[in-house]
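Q: Below is one structure. I have some questions about it.
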Amino acid sequence: NRKATMSRLATYMGTKIGGGLEFIATADASGSTALAFTGFDSSKYDSYLFTHANILPATDDQYLRIRLSVDSGSNYLAASDSYTVDANAAVSLGDSTYISLGYYSLGNAASDAGFSGDTRINGPHLNVPTYVTNTGLMTRANGQVNSAIPNGGGKTKAATVVNAVQFSFTSGNIASGTITMYGMVNS
């Protein structure tokens, strides 16, 4: 019989104990034009999770959107056919310049909570269309609270490797809120 201590567990199982989320970065908005994340690393992560806490627009009645980059954030895909999207109150199903996170626009009253929820980017390192999905709750411009699902989300129209992401509103700045990025560790 050989006794194994917890310090030797990784030796017996291999150096990589797979799966799980790993914190990458966080960004706080304070009148920010956009919040961007470039911490993509295909050698470590298969997918990414972004948690949103009370993302509030500076301008009332705005849509929270996401744009993806193929050149580490130097530019973001923004052509009229960059994405194929799910419909929202402002954008029809089909080609778009951005992916909307939620069906309705957000309000910016001090009592509004903005958008809180999760955005997931799956397999951005694969040379296939990159999918973006989201879930959460939002306070609309009319003060109603609505689920961000099933609407919101989409994919790059072309097969491409994505390595950065930008969150912004369709007009105006992000008044406040926090977005945190996690990587799904390769197993």
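Q: With segment 32-72 as the region, which strands (runs of 3 or more DSSP E) entirely inside it contain at least 1 residues that are farther than 15 Å from Asn127 by Cα and of a type in the set (Lys, Arg)?
A: Once the strands (runs of 3 or more DSSP E) in segment 32-72 are filtered for at least 1 residues that are farther than 15 Å from Asn127 by Cα and of a type in the set (Lys, Arg), what remains is 64-69.
Q: I need the strands (runs of 3 or more DSSP E) fully contained in segment 103-156, keeping only those with at least 2 residues that are under 24 Å from Phe37 (Cβ atoms).
A: Result: 115-122, 131-139, 154-156.
Q: Consider Ala110 carefully, then state whether it is open to solvent by 60 Å² or more (accessible area, probe 1.4 Å) and under 18 Å from Asn173 (Cα atoms).
A: Yes.
Q: When you check Gly143 against the structure, is it within 14 Å of Ser105 (Cα to Cα) and in contact (Cβ under 8 Å) with a residue 60 or more places away in the chain, yes or no?
A: no
Q: Continuing with this model, one more query. Determine which single condition Lys44 fails, assuming it passes every other condition in (1) open to solvent by 40 Å² or more (accessible area, probe 1.4 Å); (2) within 24 Å of Leu137 (Cβ to Cβ); (3) modelled with pLDDT of 90 or more.
A: (2)
Q: Count, please, the residues in segment 54-69 that happen to be open to solvent by less than 20 Å² (accessible area, probe 1.4 Å) and among the hydroxyl-bearing types (Ser, Thr, Tyr).
A: 1
Q: For segment 161-172, indicate whether the set of residues that are more than 23 Å from Thr33 (Cα to Cα), at pLDDT 90 or above and not in a strand (DSSP E or B) is non-empty.
A: The answer is yes; a qualifying residue exists.
Q: Yes or no: Thr156 polar (S, T, N, Q) and open to solvent by 10 Å² or more (accessible area, probe 1.4 Å)?
A: No, not satisfied.
Q: Oh, and also: For segment 144-156, check the following and say yes or no: at least one residue is closer than 16 Å to Tyr48 by Cα, among the basic types (Lys, Arg) and at pLDDT below 95.
A: Looking through segment 144-156, at least one residue is closer than 16 Å to Tyr48 by Cα, among the basic types (Lys, Arg) and at pLDDT below 95.
Yes/no per residue for (1) charged (D, E, K, R); (2) crowded, with 22+ Cβ neighbours inside 10 Å:
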{"site": "Ala27", "(1), (2)": "no, no"}
{"site": "Ser32", "(1), (2)": "no, no"}
{"site": "His52", "(1), (2)": "no, yes"}
{"site": "Asp71", "(1), (2)": "yes, no"}
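Q: Let me ask something else. From the set of residues in segment 76-102 that are among the polar types (S, T, N, Q) and in a strand (DSSP E or B), which is most open to solvent (accessible area, probe 1.4 Å)?
A: Thr84
Q: Quick check: is even one residue across segment 83-94 on the phi > 0 side of the Ramachandran plot and free of Cβ contacts under 8 Å to residues at least 12 places away in the same chain?
A: Yes, because at least one residue in segment 83-94 is on the phi > 0 side of the Ramachandran plot and free of Cβ contacts under 8 Å to residues at least 12 places away in the same chain.
The values are calculated or read from the model by the stated rules, or taken from the named source; none is laboratory data. Remember, predicted model here, so these are calculated numbers, not experimental data. Cβ atoms come from the backbone with ideal geometry, glycine included; neighbour counts cover every protein chain shown. Note: areas computed on protein heavy atoms with side chains; ligands, DNA, RNA excluded. Shrake-Rupley method; radii C 1.70, N 1.55, O 1.52, S 1.80 Å.
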